[in-house]
1. Would you pick out the residues in the stretch A:287-312 that are more than 9 Å from chain B (Cβ to nearest Cβ) and touching a strand residue (DSSP E or B) at 6+ places or on another chain (Cβ under 8 Å)?
2. Only one residue in A:Tyr345, A:Tyr364, A:Tyr371 is touching a Ser or Thr at 6+ places or on another chain (Cβ under 8 Å), facing chain B (nearest Cβ under 7 Å) and part of a helix (DSSP H, G or I). Which one?
3. Restricting to helices (runs of 4 or more DSSP H) lying wholly in the stretch B:41-136: which have 2 or more residues that are under 30 Å from A:Tyr371 (Cβ atoms) and either within 14 Å of another protein chain (Cβ to nearest Cβ) or modelled with pLDDT of 95 or more (or both)?
4. Among the listed residues B:Gly24, B:Gly42, B:Gly57, which satisfies the condition of being within 18 Å of B:Asp4 (Cβ to Cβ), among the small types (Gly, Ala, Ser) and surrounded by fewer than 24 Cβ atoms within 10 Å (Cβ to Cβ)?
5. Report the residue count in the stretch A:56-85 for those that are part of a loop (DSSP other than H, G, I, E, B), among the β-branched types (Val, Ile, Thr) and at pLDDT 95 or above.
6. Please verify whether A:Gly97 is more than 15 Å from the chain's Cα centre (by Cα) and either of a type outside the set (Ser, Thr, Tyr) or assigned to a loop (DSSP other than H, G, I, E, B) (or both), treating the condition exactly as stated.
7. For the stretch A:14-55, what are the residues that are among the aliphatic types (A, V, I, L, M) and either without any contact (Cβ under 8 Å) to a residue 24 or more places away in the chain or not in a strand (DSSP E or B) (or both)?
8. What residue, of A:Asp142, A:Asp132, A:Asp171, is surrounded by fewer than 16 Cβ atoms within 10 Å (Cβ to Cβ) and in contact (Cβ under 8 Å) with a residue 12 or more places away in the chain?
Amino acid sequence: MPTTFAADSVGLVTPQAIEFTQPLALACGRTLDQYTLMVETYGELNADASNAILICHALSGHHHVAGYYEGDTKPGWWDSAIGPGKPIDTNRFFVVGLNNLGGCHGSSGPNQIDPKTGKPYGPDFPLMTVKDWVESQARLADYLGIQQWAAVIGGSLGGMQALQWSITYPDRLRHCMVIAAAPKLSAQNIAFNEVARQAISKDPQFHDGRYYDVGEVPKTGLMLARMVGHITYLSDDGMREKFGREMKEGKLRFDFNPQFEVESYLQYQGERFSTAFDANTYLLMTKALDYYDPASEFNDDLSLALQQATAKFMLIAFTTDWRFSPERSREILDALVDAGKDVSYAEVDSPQGHDAFLIPIPRYMEIFRAYMERIAADIPPSTQEKGNAS
Amino acid sequence: MRADLEIIREWIRPNTRVIDLGCGEGELLRHLINEKNVRGYGIENDHTNITACIEKGVNVIEKDIDQGLASLRDNSFDTVVMTQALQVMHRPDLIVDEMLRIGKECIVTFPNFGHWRARGYLALRGQMPVSKFLSYSWYDTPNIHFCTFKDFESLCVQKNIHILNRTVVDNEHQHRWWTNLWPNMLGEIAIYRITR
């Protein structure tokens, strides 16, 4: 952790666990009688709660979006975009990050204790959908006293949640920012997810998801799952640029130990992830991705699904993203244009592939900043200010 | 506001759906949204212009018009506008077809290569005209398909396109009474309103 924080950092932050006791009926048919959401907030909520921004996280994300924890060397996952004077300016906005249900960072999920049994939920934790998450986030908004978000923002799986917000609760958000996302997964996307899930569930230490009971972790499976995932988040060009065919020892060794830099990199990333993430959560999150398809309830017509949306949309895609390519963002764009909605779309040139949505690429940040200005301009004048003026 | 945009603005009815191809900084759309309650989108591929549109609160879609407008449905807009961009298209004829497909009416403006100054430049100097309104050299110009009013009108005849209005302005975008006497010679910029 830095001893002093940069002027544009939200600084030292602490998450809070919020308990909900109103039962939550889920798409799978089951009900969560009570649950916890792990939440982190930055900035101040204004008097009429009109400056709130919800940040939805991606596959392996969580509530720690910006700032530092005690002892941290790295800040939250989107620190480059959130802070005083940054595109999501915490001097103006009240920013909310949460760990989704089914996550493994403190919200109710497979690795948390089931109050009914006193043991971790494990594979008994219900499968979640994007819609379920939106519902739980709406309850969080109620808890925080936020009737309408100034914006709901998300990248990748987070973008799908933002999109779903605009459909489920059109009146509860003024702007919707969908970054590096898709309206539904392609067969190829699902295929990659299935490889990841197979790697995990076939690990001998998986024990049908009850590995908590035996004190083991399907580390190899999780590591392989992450390695496959990681490859799809980068681009061919990006990998070539970063690693090329560089070898650690500069010559072929004629064995199966990692020799190319890219091999070591993937192993390192995979291993790091396998000790920090929960395998059941990875299964659950990838399934939520696979299941997402807002058009399915509207005769497979996305434009019809978005008909009732009233938010203004900003879509951003990245040229070398092949996991959720610009074509996929343009499907959302076309549906929104077809439905006559307010939407802007930008395609950012970047070599980083899908990962680009987390990287402060200058043009990306410029668009982000410009759009956030627009969101700020749409904050209704505070009732308090009106009161003072009259 | 640029004088040609003033003219276009008058031709667009309130409460309609407009798409502006090559919308620049979104000036026209901003006015149409504010004053005529128009709903619309700008299409643009210049990054600086895109940011400017976002800042203005104008819906802007990053896209290269040369790649076509296939994703937009037939007759989904009341008016399709393209100002000063026809001459940078790879296939202006196909773009005009596309514009007339997605919109009920189209407004096109372009510089007139038949203007006396362009003719004089080429005739006297034997070089491609460079002037205030054609400010590029032949090798770095984005303008790849110059035409004259006559050329555009014969394209319209050939394609059975109806010209609803035609206005001619000078390089300051001012309308002068004398330009209509001999538009192909005296007009520098043409503004056409066309339909199928």
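The values are calculated or read from the model by the stated rules, or taken from the named source; none is laboratory data. Keep in mind the model is a prediction, meaning the values are calculated, not measured. Cβ atoms come from the backbone with ideal geometry, glycine included; neighbour counts cover every protein chain shown.
1. Across the stretch A:287-312, the qualifying residues are A:Ala309, A:Ala311.
2. Selected residue: A:Tyr371, the only one of A:Tyr345, A:Tyr364, A:Tyr371 that is touching a Ser or Thr at 6+ places or on another chain (Cβ under 8 Å), facing chain B (nearest Cβ under 7 Å) and part of a helix (DSSP H, G or I).
3. B:47-56, B:92-102
4. The unique qualifying residue is B:Gly24.
5. 1
6. It is false that A:Gly97 is more than 15 Å from the chain's Cα centre (by Cα) and either of a type outside the set (Ser, Thr, Tyr) or assigned to a loop (DSSP other than H, G, I, E, B) (or both).
7. Within the stretch A:14-55, A:Ala25, A:Leu26, A:Ala27, A:Leu45, A:Ala47, A:Ala49 meet the criteria.
8. A:Asp171
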